[in-house]
Amino acid sequence: MKTLNAVVIREALAGYAVANEVIEAERRKGLATMTDEEARDIDRQLYASWQSLPDWARVGLERLDLFQLESLLAMRRAFQRMAESRTDHESA
């Protein structure tokens, strides 16, 4: 079994946290200036683009969603193993 490098994982998580803060700030700024009509127009455009996809493309997107979910679950399991390993080492 491959060992996880705790320092690399902590640095990656810190990077993700900073990136999320920047993205959320930009999103809040954009949403704060958006009118109701602009929001509805974006929603209509997104729905129309989804409806215009052929069936095979929708299946591909559903598979992508599943892949992303599986990746998140694999990451969660890795973090869980790391936490359990850390707990085991601390109690020893």
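Taken together, the values in this text are just the output of simple stated rules run on the coordinates, not laboratory data. These numbers were taken from a predicted model, which means no experiment stands behind them. For neighbour counting, all protein chains shown are included, and Cβ atoms are generated from backbone atoms with ideal geometry for every residue, glycine included.
Candidates A78, S49, L64 compared by Cα position along the dipole of the chain: farthest toward the positive end lies A78, with charges placed on Cβ.
Using the Cβ-Cβ distance between I9 and T33 with R0 = 35 Å, the FRET efficiency computed as 1/(1 + (r/R0)^6) comes to roughly 0.40.
Using the Cβ-Cβ distance between V18 and R86 with R0 set to 25 Å, the FRET efficiency from 1/(1 + (r/R0)^6) comes to roughly 0.60.
The magnitude of the dipole of the chain, with charges of +1 and -1 set on the Cβ of Lys/Arg and Asp/Glu and taken from the Cα centre, is near 380 debye. Listed options for Cα Rg over 2.2 N^0.38 Å are (i) 1.01; (ii) 1.72; (iii) 1.64. The value calculated from this structure is the one marked (iii).
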